[in-house]
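The structure under discussion appears below in the form of structure tokens.
Read the figures in this text as sums done on the coordinates, not as results from a lab. Every value quoted in this text rests on a predicted model; they were computed, and no experiment measured them. Glycine gets a Cβ as well: all are built from the backbone with ideal geometry, and neighbour counts include every protein chain shown.
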Amino acid sequence: MNKKEFIKKYPATLPELQISPCAFRETFLLTKNLPYPGIQHLRDICEYGNYTYGALRTSLSRAIKAKELDFFYDKDKVKRFRLTKTQFDVSKELMTDNADAKDFSVVIFSFTTEQEKQRRDARYLLNGYGFRLFAQNTYIRRRIKRELFEKSLKEYGLMNNVFLLDCLDPGTVEFKERLYSQFEMDKTLKLINTFYKDLNNFLTDDLKPDEFSRRLLYVGPVYYNFCFVNEVPIPETYFPKGYLIKELKVYLQSIPEYRWKDFVNYYMNIEKQENKNE
């Protein structure tokens, strides 16, 4: 699958692409010693995804103002970008989440009419931590580790409005059918398995190093959305037959080491382009 076909089928938004270098730098072992990305790293992948530099700068200003991206200046006064603390905690929780976990976590929230901002914050956190709407003001996912989630609730001042309950798996046919219907499991199975196939056809081994690296950066947010943000958060015992989510989740970790070295070389070549006056 060529670049044009993949981007058309799996569009990544500008805010998603602009944090992709940050996410890769902070996630994978072979990239954690790299300098934090500067504007040229973000510009390169966003332009690869068909966004202009002007649009990127506008989007960055909005993201920083909304505290959806963090930044600092290094010793050479180069502006560097990184995930916010909440983004890092959420991604860490989702990427270490184990489908072998038994049972479910249910969240119920309650807000007054005047607490619209708090309501939005709660929905943002719930979606980020992989909860899915199950009934009015009620969200569900497979059982979550409480520590990071409750820490985020405290940081947002939501402990008095959001209630986390751990619930035993009822194990009934009726409950399973309700979950499948609510989460459109037939549709989800097809989407996941098709994406897995397309990913294999997009990140082929015959690509030149820089092209492979840019494709990898583009794939990052799309992959993250499929595997974690929009994943149906059910225990493995509820997986339908032929569902390739487990194989998809280890896909990036299975990329050969020499390809990660190609990525590091690409990243450092972009680093040389950093404008010291940014």
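Projecting the Cα positions of Gly54, Trp260, Thr84 onto the charge dipole of the chain (unit charges on Cβ atoms of Lys, Arg, Asp and Glu, taken about the Cα centre) puts Gly54 furthest along the positive direction. Each of Phe28, Asn2, Ile64 was placed along the dipole of region 1-93 (beta-carbon charges, centred on the mean Cα), and the one lying farthest toward the positive end is Ile64. Applying 1/(1 + (r/R0)^6) with r as the Cβ-Cβ distance of Asp76 and Gln136 and R0 = 45 angstrom yields a FRET efficiency of 0.30. The separation of region 94-116 from region 233-278, counted between C-alpha centres, amounts to 26 Å. Applying a DSSP loop filter and a limit of 14 other Cβ atoms within 10 Å to the chymotrypsin sites (Phe, Trp or Tyr not before Pro) in region 69-169 leaves nothing. Straight-line cross-link reach from Lys3 at under 20 Å between alpha-carbon atoms covers these aspartates and glutamates, not counting any fewer than eight positions away in the same chain: Glu16, Asp44, Glu47, Asp198, Asp205, Asp206, Asp210, Glu211, Asp262.
With an 8 Å Cα cut-off and a minimum separation of 6 or more residues, compute the relative contact order for the chain in percent.
27
By counting other Cβ atoms within 10 Å of each Cβ, how are Met1, Met185 ranked from fewest to most? Listing Met1, Met185 from fewest to most nearby Cβ atoms yields Met1, Met185.
Among Cys22, Cys227, Cys167, whose mean-square fluctuation peaks in a Gaussian network model of the chain (Cα, cutoff 10 Å)? Greatest mean-square fluctuation among the candidates belongs to Cys167.
Summing Cβ point charges (Lys, Arg +1; Asp, Glu -1) relative to the Cα centre of the chain gives a dipole of roughly 520 debye. Note down the magnitude of the dipole of region 3-88 about its Cα centre, charges +1 on Lys and Arg C-beta and -1 on Asp and Glu C-beta and zero elsewhere, to the nearest 20 debye. So the dipole magnitude of region 3-88 works out to roughly 120 debye. Across region 203-220, the residues whose backbone nitrogen lies under 20 Å from the label position 7 Å along the beta-carbon direction of Glu257 are 205, 209, 213.
So what's the back-of-envelope 222 nm ellipticity for the chain, counting only DSSP H runs of four-plus at -39500 (n - 2.57) apiece and dividing by all residues, rounded to 500?
Using -39500 (n - 2.57) per qualifying helix, the result is -15500 deg cm²/dmol.
Between Val229 and Asn127, the contour length at 0.36 nm per residue exceeds the alpha carbon distance by 36.0 nm.
With r defined as the distance between the Cβ atoms of Lys65 and Glu236 and R0 fixed at 41 Å, what FRET efficiency is calculated, to the nearest 0.05? Intermediate values should be presented prior to the final figure.
Details: r = 41 Å, r/R0 = 0.99.
Efficiency computed from Cβ-Cβ geometry: 0.50.
Anything over 24 Å Cα to Cα? Flag those among Lys8/Lys272; Lys32/Lys102; Lys9/Lys102; Lys67/Lys151; Lys151/Lys246; Lys8/Lys187, in the order listed. Checking Cα-Cα distances, Lys8/Lys272; Lys32/Lys102; Lys9/Lys102; Lys151/Lys246 exceed 24 Å.
For region 103-152, the Cα-based Rg and Dmax, in that order, read 11.0, 35 Å.
One decimal place: the segment Thr204-Phe163 gains 10.2 nm when fully extended, by the rule 0.36 nm per residue minus the C-alpha distance.
Among Lys261, Lys241, Lys65, the largest mean-square fluctuation in a Gaussian network model of the chain (Cα springs under 10 Å) belongs to Lys241. Give, as ranges by residue number, the residues of region 148-178 whose backbone N falls under 19 Å from the point 7 Å along Cα→Cβ of Glu114. Residues 157-162 qualify, since their backbone N sits under 19 Å from the label point. Once the chain from Leu191 to Asp103 is taken as fully extended at 0.36 nm per residue, the excess over their C-alpha distance is 29.2 nm.
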